[in-house]
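Structure first, then comments.
Values quoted throughout were computed directly from the atomic coordinates according to the rules given, and no laboratory measurement underlies them. The structure presented is a predicted model; accordingly, all values stated were derived computationally and were not measured. Glycine also receives a Cβ, built like all others from the backbone with ideal geometry; neighbour counts cover every protein chain displayed.
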Protein chains: 4
Amino acid sequence: MLNRIILIGRLTKDPELRYTPNGKAVAGFTLAVDRPYKNQQGERETDFINIVVWGKQAENCANYLSKGKLAAVDGSLRIRSFEGQDGQRHWVAEVLAETVRFLSPKDKNDTGVEEMGTLIDFTDDDIPF
Amino acid sequence: MLNRIILIGRLTKDPELRYTPNGKAVAGFTLAVDRPYKNQQGERETDFINIVVWGKQAENCANYLSKGKLAAVDGSLRIRSFEGQDGQRHWVAEVLAETVRFLSPKDKNDTGVEEMGTLIDFTDDDIPF
Amino acid sequence: MLNRIILIGRLTKDPELRYTPNGKAVAGFTLAVDRPYKNQQGERETDFINIVVWGKQAENCANYLSKGKLAAVDGSLRIRSFEGQDGQRHWVAEVLAETVRFLSPKDKNDTGVEEMGTLIDFTDDDIPF
Amino acid sequence: MLNRIILIGRLTKDPELRYTPNGKAVAGFTLAVDRPYKNQQGERETDFINIVVWGKQAENCANYLSKGKLAAVDGSLRIRSFEGQDGQRHWVAEVLAETVRFLSPKDKNDTGVEEMGTLIDFTDDDIPF
DNA sequence: TTTT
DNA sequence: TTTT
């Protein structure tokens, strides 16, 4: 019915870019997202969350993101079921990104932010009321 | 850079449906969203938030939503500037809905939920990794 | 850094309520969240997402939610690692709910919505600017 | 019922820090949030969104944020009504921040991210199922 | 200009 | 009353 997730974190590795048989680009990477509080042992914990992104944005991610870079993801949570090597059914969570934003400055002498448009292009007519 | 808002509330009136000169449908309505806590006077407060939705979803809202109905909106916050009747510049906030969900059962003998697809149709190829 | 997820779906079973050794209530349930689009075979898919909620809200969920009821969850995504029965390390995703809203009318003759306050209580002083 | 907004943008000015009569800190600032697409004139538009944040986080914002800095805000949208200088009732939108994240590196030779914990501290007991 |  |  409604499924919306927003994450900010750092890439654990460079993105992996693949193409489907029909030539559509798809990129995958993992985001390390620190929890805001410390646990009972006084240590900060981190969730490692798999991200999948399609099309032009996948190629942009492969070009502009790399290990350690800060990124924001806006998408939805998918629970994918797959057959394990043990013949068992397993589930894996991944975030299907609708939008990815690049939050790390391009280089150390630059405070700018590499940005990426969404692929969805709303028409911005005047509203008649 | 990133602008995402999710609301659940009740319509204060029936939606208004208009068409732009180029024939594009646009609907507007106000959502009454109760705050989760009481204020110092012990009363529950409410935010009245204007929603704008375009295209096929606008027509669906006009058909399926009405005063008092419960709805969820997923979209972005816009601050629109306009010239007041006093010649002054004013600002108004409104939510541009990307998705609207109808949460009120169709009728009293039904617990189902009227649902509306998004207009954006992701392709769901197999992920090659 | 930032981890926010909002879901609307139906419970696949009644919530399970437990207590930790130190007497803290915790409830678990699974939400069936339909995807907004159909897949290539023309069928609607569903994500089954595990929810965990603590404290007073856990007890409210156990009292007011049951199989098939519609609920909204606002929380964060956790990836928990555990030792499988096969001695292997596995990961499971779950949503730690900060807020749960009950969206199903109490009974068929009622269009009202059972609501639950958040546990977090902001003070609502006047803003001095 | 549910009111959640997540924004990433840049401060248009330094934050303003005030204290209520009862000594509670409150900070206000405006976030410039670029829209992801260009309008019909081919220009990128921006929403200027007022943020309010209370308590310890208000003081952290005053200390670590300044004009031009990148920040993420997670909170709720409030529509506040006030008496205009013309005796008229007006409405203003503002975001009550629950969490603010500082996304600009501390200085040019540092890619780190200044971070701020939430004030809300979940207990992280083991989940008994 | 406000809904249950 | 606007940021990069």
Just checking the output field for D:80-92: average partner chain Cβ neighbours within 10 Å of each residue's Cβ? 2
Cα gyration tensor of the range D:1-100, axes a ≥ b ≥ c as square roots of the eigenvalues: rounded (a/c below 1.5), prolate (a/b > b/c) or oblate? oblate
State, to one decimal in nm, how far the label point of D:LYS106 lies from the label point of D:THR12, with both points 7 Å from Cα in the Cβ direction. 3.1 nm
Treating only the Cβ atoms of Lys and Arg (+1) and Asp and Glu (-1) as charged, compute the dipole magnitude of the range D:5-102 about its Cα centre; round to the nearest 20 debye. 180 debye
Between B:LYS24 and D:PHE82, what's the calculated FRET efficiency when r is the beta-carbon distance and R0 is 35 Å? Round to 0.05. 0.50
Of B:LYS38/C:LYS56; B:LYS106/C:LYS56; A:LYS38/D:LYS69; B:LYS69/C:LYS69, which sit over 20 Å apart, Cα to Cα? B:LYS106/C:LYS56; A:LYS38/D:LYS69
Farthest towards the positive end of the dipole of the range A:5-102, among A:VAL92, A:ALA58, A:GLY42 and with Cβ unit charges of +1 on Lys and Arg and -1 on Asp and Glu, lies the Cα of A:ALA58
